[in-house]
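Asker: The structure follows.
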Amino acid sequence: MLNLILFGPPGSGKGTQSERIIGKYSLVHISTGDLLREEVASQTELGLKAKEIMDRGALVPDGIVIGMIRKKLEEHKGGRGFIFDGFPRTVEQARELDRALSDYSEEVSVMISLEVPRQELVKRLLNRGKETGRSDDNLETINNRIDVYEQQTLPVAHYYDQMRKYEPVDGVGSIDAIFKRIVKVIDGVK
Ligand code: B4P
């Protein structure tokens, strides 16, 4: 199996590039952001709790996110592999992912990290906020999300770097150009 982590700050293009990657490599897409937004839309108990956290730009507790991931792994076991989009976001989530995959005798193949400067992230997310009305795409929450990324999520890159699985990719440019850079990395590990 090919198990990819698509990593990067909010607005770096993880969701956008995931769509392309799934099309080319037939992987199962797991976006914890999308899963949480589905819970919010269905107004489940978890969704109501998650909405308040997401609107502040904070991270939903590890236990909730890991539970969602384990469920998806079980549902799609035996496929060609997974693309984890926006997960893991803490070192604890990374350790749990490794444990969960090892239950299926699997492991993370590579972490692709989209590198985009803060100014560009803010511009993209403000733009998306205008177009879609997403409630966490406002200036205050965007800045908080990027701060949370730098403090709590960046150490995950170091975690995979120590295992020689961290691959930085320039995330600035056209969506097609960035996709080509990603394909080069994936084809190098396949
Ligand atoms: P996510 O849904 O993961 O939100 P995101 O990081 O903002 O989205 P993404 O990075 O995929 O957007 P994209 O760049 O594709 O998380 C939302 C919230 O959920 C978090 O803040 C947190 O509260 C919670 N959460 C999620 N996962 C969690 C976890 N594991 N643990 C705890 N909490 C968790 O797109 C951004 C914009 O840029 C788009 O408008 C796109 O069109 C544009 N864009 C993309 N590529 C571009 C390019 N090359 N040039 C110009 N614009 C581009």
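Asker: Grab the Cα-Cα distance for residue 154 and residue 119, subtract it from 0.36 nm times how many residues apart they are, and report the gain in nm with one decimal. Don't skip to the answer; put the middle values down first.
Answerer: Numbers: separation 35, 0.36 × 35 = 12.60 nm, distance 1.76 nm.
Here the answer is 10.8 nm.
Asker: Arrange the following residues from fewest to most other Cβ atoms within 10 Å of their Cβ: 101, 121. Working shown, then result.
Answerer: Numbers: 101 18, 121 22.
Going from least to most buried by this count: 101, 121.
Asker: A further question on this structure: For the pair residue 26 and residue 44, how long in nm is the line joining their label points, each one 7 Å along Cα→Cβ?
Answerer: 2.9 nm
Asker: Report Rg(Cα)/(2.2 N^0.38 Å) for the chain, keeping two decimals. Don't jump to the answer; show the numbers that get you there.
Answerer: Numbers: Rg = 15.8 Å, N = 190, 2.2 N^0.38 = 16.2 Å.
The reported ratio for this selection is 0.98.
Asker: If we restrict to alpha carbons, what Rg and Dmax does the stretch 35-134 come to, in Å?
Answerer: 15.6, 44
Asker: Moving to a separate point now. State to the nearest 20 debye the size of the charge dipole of the chain about its Cα centre, where the only charges are +1 on K and R beta carbons and -1 on D and E beta carbons.
Answerer: Numbers: 28 positive and 30 negative charges, 94 e Å.
Roughly 460 debye for the chain.
Asker: To the nearest 500 deg cm²/dmol, what mean residue ellipticity at 222 nm is calculated for the chain from DSSP H runs of n ≥ 4 alone, each contributing -39,500 (n - 2.57), summed and divided by the residues? Each step should come with its number before you reach the end.
Answerer: Values: 9 runs with 109 residues, N = 190.
Result for the chain: -18000 deg cm²/dmol, rounded to the nearest 500.
Asker: Using amide H atoms built in the peptide plane, which far-off residues or other-chain residues are under 5 Å from residue 31 H to H?
Answerer: The list, which skips near neighbours in sequence, is 85.
Asker: Mind checking the full-extension length gain between residue 135 and residue 104? Use 0.36 nm per residue of separation minus the Cα-Cα distance, one decimal, nm. Mind dumping the intermediate values first?
Answerer: Working: separation 31, 0.36 × 31 = 11.16 nm, distance 3.69 nm.
This chain segment gains 7.5 nm when fully extended.
Asker: Something else now. Select from 33, 67, 11 the residue whose mean-square fluctuation is largest in a Gaussian network model of the chain (Cα-Cα springs shorter than 10 Å).
Answerer: Among 33, 67, 11, the largest GNM mean-square fluctuation belongs to 67.
Asker: Along the charge dipole of the stretch 35-190, pointing to its positive end and built from +1/-1 on Cβ of Lys, Arg, Asp and Glu, which listed residue (157, 177, 90) has its Cα farthest out?
Answerer: Towards the positive end, the residue furthest out is 177.
Read-outs throughout are calculated quantities, based only on the coordinates presented, and are distinct from any laboratory measurement. Not measured: the values here are computed from a predicted model. Glycine gets a Cβ as well: all are built from the backbone with ideal geometry, and neighbour counts include every protein chain shown.
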